[in-house]
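For reference, the structure discussed in these notes is given below.
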Amino acid sequence: MKELFFNTIQEFNDYIGVKTLHPLVSIARVENTSPIQEAVHHYGLYALFLKENKGCKLSYGRTEYDFDEMTVTSFAPGQSIKVEPIPGVPLAKYTVLAFHPELFNRTQLGKNISRYEFSTIQATKLYIYPLPR
């Protein structure tokens, strides 16, 4: 199985086929023109996806998730996600906001981000909330 590593915005943008306008952040609307390929995506950056169709199945660990249309999914550095095509749905449509962790350097959020769980793939919506102390 193919493995893809997204450690920089440039690597991510090259994969989705958009020009890199900033080295730390990217936003794009994607309508793939090629079929989804089965692969494992390893994230070294943050990514928020608004899925516009059920273009693929996602697996995190041993759990499969088949998100509905217009669902927000999110990934954080260190997460690995298995992506599989859904038969009969050849193309994925989504809007994505991706940003590198260095974007928050020297900011209040950067100092406190470890207090927050960025996301949980078990949820069908994005939640950002403080961790209990």
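What the table shows:
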item	result
Checking GLU52 against (1) exposed (fewer than 13 other Cβ atoms within 10 Å of the Cβ); (2) touching a residue at least 24 places away in the same chain (Cβ under 8 Å); (3) acidic (Asp, Glu), the condition it does not meet	(1)
The range 85-97, subset touching a strand residue (DSSP E or B) at 6+ places or on another chain (Cβ under 8 Å) and over 12 Å from GLU52 (Cβ atoms), residue least open to solvent (accessible area, probe 1.4 Å)	ILE86
LEU131 being more than 15 Å from the chain's Cα centre (by Cα) and either at pLDDT 85 or above or not small (Gly, Ala, Ser) (or both)	yes
Residue within the range 6-19 that is part of a loop (DSSP other than H, G, I, E, B), free of Cβ contacts under 8 Å to residues at least 12 places away in the same chain and more than 12 Å from the chain's Cα centre (by Cα) present	yes
Complete set of residues in the range 64-84 that are open to solvent by 40 Å² or more (accessible area, probe 1.4 Å) and either modelled with pLDDT of 85 or more or under 16 Å from GLU52 (Cβ atoms) (or both)	ASP66, ASP68, GLU69, MET70, VAL72, PRO77, GLY78, SER80, LYS82
When residues of the range 31-49 are limited to those that are farther than 16 Å from VAL83 by Cα and touching a residue at least 60 places away in the same chain (Cβ under 8 Å), the one surrounded by the fewest Cβ atoms within 10 Å (Cβ to Cβ)	GLU31
Filtered residues of the range 98-120 (kept if open to solvent by less than 70 Å² (accessible area, probe 1.4 Å) and either at pLDDT below 75 or on the phi > 0 side of the Ramachandran plot (or both))	ILE113, GLU117, PHE118, SER119, THR120
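The values are calculated or read from the model by the stated rules, or taken from the named source; none is laboratory data. The structure displayed is predicted, hence computed values, not measured ones. Cβ coordinates were reconstructed from backbone atoms using ideal geometry, including for glycine residues, and neighbour counts include every protein chain displayed. For the accessible areas, the whole protein counts, side chains as well, though only heavy atoms, and no ligand, DNA or RNA atoms are used. Shrake-Rupley method; radii C 1.70, N 1.55, O 1.52, S 1.80 Å.
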